[in-house]
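A quick write-up on the structure given underneath.
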Amino acid sequence: MKNALELNNISKSYQDGEGENNILNNISLEVKPGEFVAIVGPSGSGKSTFLSISGALLSPSDGSVMVGGTELGKKNKKKLVKIRREKIGFIFQSHHLLPFLTAKEQLTLVQKMNKNNGKSDLRAEDMLADLGLAECADKFPAKMSGGEKQRVAIARAFMNDPDIILADEPTASLDGARGRQVVELIKKEVKKHQKAAIMVTHDERVLDLVDVIYRLENAGLKKVVNQ
Amino acid sequence: MNLAWKEIRHSKTKYILIEGILILMIFMVVFLSGLANGLGDAISASIDKTDAEYFVISTDAEKLIATSKIDKEMLEKTASMTNDQVTSLNIKRSNVNTFKDEKKLDITYFAIDPNGFLNPDITEGEGLVNAKAENPVVLDDSFQEQDIVIGDVIEDSVTGIKLTVVGFTKDELYGHSPVGFIGADTFTTLNQEINSSYVEKYNAIAVQGSDIEKINIKGLEVVDKATIINNLPGYAAEQLTIKMILWVLVVISAAVLGVFFYVITIQKQKQFGVLKAIGMKMSEITGYIMSQVFILSLIGVVIGNLLSVGMASMLPSSMPFFLKTPMVIIISVVFIVISLFTSLVSVRKVAKVDPMVIIGGNE
């Protein structure tokens with residue numbers, strides 16, 4: 001099966017004073033549709049950089065990135081925006097919903113943005129119901145609980161029918177039980193819609209829910225478990 | 001994109017506060033423009049309202065209509081050089097006494113040909129042309145506040161000649177004093193009382209149309225109405241001062257909106273980061289920001305204008321205040337355009353936001 005995400009020999013370094021600071025060094029990764037991958041690692045290990053490169057927010061110093069069969073490397077900023085719009089679904093550390101839109105409007109916004117490229121026939125109502133958010137449809141984020149907000153954020157990430165879901169510490173702002181529930185929901189949707197997903201986390205308690213675990217340490221990526 | 005409106009509706013308090021300041025500033029600007037027009041009219045209304053497009057005056061008057069002198073024969077000479085109607089005009093400041101009390105009242109005589117086109121619109125009584133009384137006068141209706149009614153006799157303070165009030169007109173002002181229209185023959189009578197060798201002379205010859213190319217008389221020049229008004233004593237100085245304050249205020253109020261908006265934009269950097277991360281194009285974000293500024297400035301303009309109009313209807317009639325719709329429209333449009341322009345600063349700020357700020361939490 002075609003890979004949803006392919007990173008080939010990715011390196012990223014920053015100029016740091018006189019020397020160079022290697023954040024990522026020669027990293028490769030392949031994720032297939034329907035596969036749920038976790039990346040763990042201590043803080044400062046480059047997890048954010050890794051996620052930004054995978055999410056077309058940052059260009060690598062070296063190596064190539066393929067999302068849904070499209071090579072990102074040589075694209076300009078405008079093209080990267082289009083890639084993010086059509087092929088990538090983000091779940092951020094804190095929900096980052098727009099405060100002035102209701103749960104349903106958060107989803108339809110993404111849907112409207114993708115209206116013209118023939119993607120996404122998902123219905124916002126179905127998506128909300130699927131995540132147990134039917135009653136929240138007309139609520140603003142300020143009126144929702146932390147878990148509800150993060151679930152809306154999950155729903156939003158799926159609304160553009162992306163090739164890959166990227167989750168940045170989705171449990172960080174939630175307590176243990178709610179955090180687990182959120183990751184369970186991500187897993188459920190990933191399997192249901194056959195999407196590839198990468199979750200960056202240091203919450204060890206949810207690692208049993210993913211298919212593959214990688215550890216990011218000393219600028220390198222190592223496969224830990226293949227569950 | 002209705003994101004703009006949804007956000008304004010959601011954060012009502014914040015935007016109502018901004019809107020409040022905007023409305024007050026627009027109100028001030030529009031009100032000032034009313035005052036500028038009112039003051040301008042107090043100087044120039046009677047010239048402005050005439051049907052004349054051009055005035056023939058003597059060259060040595062340097063475009064000052066009241067100091068120009070033209071001999072009587074020039075009227076016919078001018079008439080022969082144009083297909084348009086021409087008529088004579090004399091302007092003279094004076095005082096009149098009423099017989100009811102000892103008060104001396106300011107007046108500016110506009111001495112005209114009763115059959116010519118400079119006759120004012122009569123609001124009460126009759127015009128000079130039908131008047132049977134000796135030395136008839138048509139007064140601006142502000143004299144009615146001095147209890148002068150039709151049929152009253154007033155006395156020219158300088159000469160003691162009695163004038164009979166035959167009619168009233170309205171909004172006729174020149175150099176901050178109300179105007180009384182008299183016939184050219186009455187004007188000659190007045191002058192002969194002071195100087196028995198006076199011969200009929202004019203300040204200006206008014207031309208009704210624009211057929212002026214062939215009017216070419218030595219010592220005389222043809223000047224358009226706007227230039228005549230601009231050269232009335234005090235007019236340019238007053239207008240320039242007030243209009244300068246007015247336009248500076250327009251710019252300041254638009255800049256205030258721009259600054260407010262910039263502060264709000266800085267507060268919302270993360271939000272813009274999210275929009276960029278989920279793939280919103282910069283053009284769409286620009287549209288969102290600009291339409292928000294447009295909505296705010298439009299609401300401010302509409303309410304501010306309504307407030308000014310409402311206020312205008314409550315002002316005492318002695319206050320020189322007059323709202324001119326074209327002027328109000330120009331101010332409103334300029335305000336909105338400058339507001340949109342200042343919002344570009346916010347747009348530029350947002351363009352620089354790196355969507356990466358939201359990855360890795362709140363460091």
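The values are calculated or read from the model by the stated rules, or taken from the named source; none is laboratory data. Predicted model, so just to flag it, every value in this text is computed and none were measured. Counting neighbours? That spans all protein chains shown, and the Cβs are built from the backbone with ideal geometry, glycine included.
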Filter the range B:232-244 down to the residues that are part of a helix (DSSP H, G or I) and surrounded by 13 or more Cβ atoms within 10 Å (Cβ to Cβ) and list them by number. B:Y235, B:A236, B:E238, B:Q239, B:I242, B:K243
Does A:L109 meet the test of being in a loop (DSSP other than H, G, I, E, B), within 23 Å of B:M282 (Cβ to Cβ) and either within 11 Å of another protein chain (Cβ to nearest Cβ) or free of Cβ contacts under 8 Å to residues at least 40 places away in the same chain (or both)? no
Does the range A:68-86 contain any residue that is part of a strand (DSSP E or B), surrounded by fewer than 24 Cβ atoms within 10 Å (Cβ to Cβ) and away from chain B (no Cβ under 12 Å)? yes
Residues of the range B:282-293 satisfying the condition of being closer than 22 Å to B:I252 by Cα and touching a residue at least 60 places away in the same chain (Cβ under 8 Å): B:I289, B:S291, B:Q292
Would you confirm, using the coordinates I've provided, whether B:Y262 is over 23 Å from the mean Cα position of the chain (by Cα), of a type in the set (S, T, Y) and within 14 Å of chain A (Cβ to nearest Cβ)? no
The condition from (1) within 11 Å of another protein chain (Cβ to nearest Cβ); (2) at pLDDT 85 or above that A:K104 misses is numbered (1)
For the range B:303-316, does any single residue satisfy the condition of being out of contact with any Cys (no Cβ under 9 Å at 6 or more places or on another chain), within 30 Å of A:M113 (Cα to Cα), surrounded by fewer than 19 Cβ atoms within 10 Å (Cβ to Cβ) and in contact (Cβ under 8 Å) with a residue 12 or more places away in the chain? no
Please state which one of A:S48, A:S54 is crowded, with 19+ Cβ neighbours inside 10 Å, facing chain B (nearest Cβ under 10 Å) and among the small types (G, A, S). A:S48
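Within the range A:1-54, how many residues turn out to be of a type in the set (D, E) and in contact with a helix residue (DSSP H, G or I) (Cβ under 9 Å, 6 or more places away or on another chain)?
The number of residues fulfilling the criteria is 1.
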Do you know which residues across the range B:107-146 are in a loop (DSSP other than H, G, I, E, B), β-branched (V, I, T) and surrounded by fewer than 16 Cβ atoms within 10 Å (Cβ to Cβ)? B:T123
Residue ID - nearest to the chain's Cα centre (by Cα), chosen from residues in the range A:30-73 that are within 21 Å of A:K2 (Cα to Cα) and without any contact (Cβ under 8 Å) to a residue 40 or more places away in the chain: A:A56
Return a yes/no flag: does the range B:57-68 have any residue that is surrounded by fewer than 19 Cβ atoms within 10 Å (Cβ to Cβ), more than 14 Å from chain A (Cβ to nearest Cβ) and among the acidic types (D, E). yes
Yes/no for A:A167 being touching a residue at least 24 places away in the same chain (Cβ under 8 Å), in contact with a Gly (Cβ under 8 Å, 6 or more places away or on another chain) and of a type in the set (G, A, S): no
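Looking for something touching a Gly at 6+ places or on another chain (Cβ under 7 Å) and not basic (K, R) - is there at least one such residue anywhere in the range B:202-212?
Going residue by residue through the range B:202-212, those that are touching a Gly at 6+ places or on another chain (Cβ under 7 Å) are none.
No, the range B:202-212 contains no residue that is touching a Gly at 6+ places or on another chain (Cβ under 7 Å) and not basic (K, R).
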